[in-house]
1. Could you tell me which of 119, 100, 136 has its Cα farthest along the dipole of region 91-198 towards the positive end, charges placed at Cβ (Lys, Arg +1; Asp, Glu -1), taken about the Cα centre?
2. Please calculate how many Å² of accessible area the chain carries per residue, with a 1.4 Å probe and no DNA, RNA or ligand atoms counted.
3. How much of the DSSP beta bridge set in the chain is antiparallel, as a percent to the nearest 5?
4. Could you look at the chain and say what percent of its accessible area is carbon and sulfur, using a 1.4 Å probe and all protein chains?
5. Could you tell me how many degrees, from 0 to 90 and to the nearest 10, lie between the Cα long axis of helix 58-69 and the main elongation axis, the longest principal axis, of the Cα atoms of the chain?
6. Compute, for residue 171, the solvent-accessible surface of its heavy atoms (probe 1.4 Å) with the complete set of protein chains present, and express it in square angstrom to the nearest 10.
7. Probe radius 1.4 Å, ligands and nucleic acids left out: which of 90, 160, 183, 31 has the largest accessible area, and how do the rest follow?
8. Pick out, from 147, 182, 33, the residue whose Cα sits farthest towards the positive end of the charge dipole of the chain, with +1 on the Cβ of Lys and Arg and -1 on the Cβ of Asp and Glu.
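The values are calculated or read from the model by the stated rules, or taken from the named source; none is laboratory data. Every value quoted in this text rests on a predicted model; they were computed, and no experiment measured them. Reconstructed Cβ throughout: ideal geometry from the backbone, glycine too, with neighbour counts over all protein chains shown. Only protein heavy atoms, including side chains, enter the accessible area calculation; ligands, DNA and RNA are left aside. Shrake-Rupley method; radii C 1.70, N 1.55, O 1.52, S 1.80 Å.
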Amino acid sequence: MLKSLLIIYIFIISTILSNETILNHKFIKDVKIFGNKITKDYIINRELEQKINTAYDSTIAANDRNRIYNLNIFSSVEISMIDSTYSIFVKEAPRIIPVPQGAYDESKGVSIGAGIYNYNLFGRNYKLSLSGIFGLTDSAPNIYLISFYNPWAFGNHISVAGDIFKEIFIDNIQKYEMNISGVELETGFHIGIKNKYK
């Protein structure tokens with residue numbers, strides 16, 4: 001009888017210890033981000049579905065990695081479990097990029113110019129672009145454009161975007177000058193992960 005109780009006692013203790021070891025290795029106690037020199041931590045954290053004090057799930061980790069990478073502000077993203085820490089390693093992509101621009105219209109001619117794009121303004125995943133195109137002839141258009149986009153302004157992926165533009169050109173056939181100015185505003189939202197509306 002005593003031998004049977006001893007075996008049961010040993011079995012219970014070993015089960016408790018093995019479960020405690022499993023919990024320590026598989027449950028997430030902390031999230032740490034490495035490599036983001038400019039990007040704010042909350043930009044990455046708000047993309048995570050894996051939560052603290054839950055069991056590590058490699059499928060959720062792969063989805064988290066894809067969502068962070070799809071922000072288009074990192075050249076690489078890796079996620080791994082180190083001890084009980086959900087560790088996210090990112091490498092930031094260049095955020096300020098100059099871009100040559102041009103336009104051609106048979107009736108108006110050729111315009112050339114340049115733009116500068118900031119894909120991670122203030123480290124908050126805001127997108128800002130400034131561009132100008134200048135006509136090589138009188139009838140070719142001059143176009144000036146300022147664009148701003150915040151993909152997650154508030155709520156659940158509620159985005160805000162806007163453009164301010166000006167276009168000037170001369171029609172030599174009809175003998176008039178066209179001067180167009182405008183402002184465009186856009187918003188959008190998500191329902192679930194895959195349903196996006198603008």
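1. Farthest towards the positive end: 119.
2. Solvent-accessible surface per residue comes out at 66 Å².
3. In the chain, DSSP labels about 90 percent of beta bridges as antiparallel.
4. 62 percent
5. 20 degrees
6. Taking all protein chains as shown, residue 171 has close to 40 Å².
7. The ordering from most to least exposed comes out as 183, 160, 31, 90.
8. 33
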